[in-house]
């Protein structure tokens, strides 16, 4: 499954294993492929978690409105992220 901005993904490794996150951005470097994640609680939008893509389990759910806001660079709040993740 291809990862997208605004998609929900669960952590498969680390101390945050099993926690849901929203993908804020994707980055590919010579060190590997990374995603920047936020959950609105422990990881805010201001300080997202950088995690290797191989340590993520994506879910087939993308919040289209939130994804559009992230891509357009509009201001979003941590409460918007929390609201999206309440079902998970």
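The values are calculated or read from the model by the stated rules, or taken from the named source; none is laboratory data. A quick note: this is a predicted structure, and the numbers were derived from the prediction, not measured. We place every Cβ from the backbone using ideal geometry, glycine too, and count neighbours over all the protein chains shown.
Table: residues versus (1) touching a helix residue (DSSP H, G or I) at 6+ places or on another chain (Cβ under 7 Å); (2) at pLDDT 95 or above.
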{"position": "32", "(1), (2)": "no, no"}
{"position": "35", "(1), (2)": "yes, yes"}
{"position": "49", "(1), (2)": "no, yes"}
{"position": "53", "(1), (2)": "no, yes"}
{"position": "58", "(1), (2)": "no, yes"}
{"position": "63", "(1), (2)": "yes, no"}
{"position": "73", "(1), (2)": "no, no"}
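Scanning the range 23-43 for residues that are in contact with a strand residue (DSSP E or B) (Cβ under 6 Å, 6 or more places away or on another chain) and under 24 Å from residue 75 (Cα atoms) yields a count of 12.
Considering the range 72-88, and only residues there that are touching a strand residue (DSSP E or B) at 6+ places or on another chain (Cβ under 8 Å) and in a helix (DSSP H, G or I), the residue that is surrounded by the most Cβ atoms within 10 Å (Cβ to Cβ) turns out to be 81.
Between 9, 46, 69, the distinction of being exposed (fewer than 13 other Cβ atoms within 10 Å of the Cβ) and either without any contact (Cβ under 8 Å) to a residue 12 or more places away in the chain or on the phi < 0 side of the Ramachandran plot (or both) belongs to 46 only. Residue 63 meets the stated requirement of being out of contact with any strand residue (DSSP E or B) (no Cβ under 6 Å at 6 or more places or on another chain) and touching a residue at least 12 places away in the same chain (Cβ under 8 Å).
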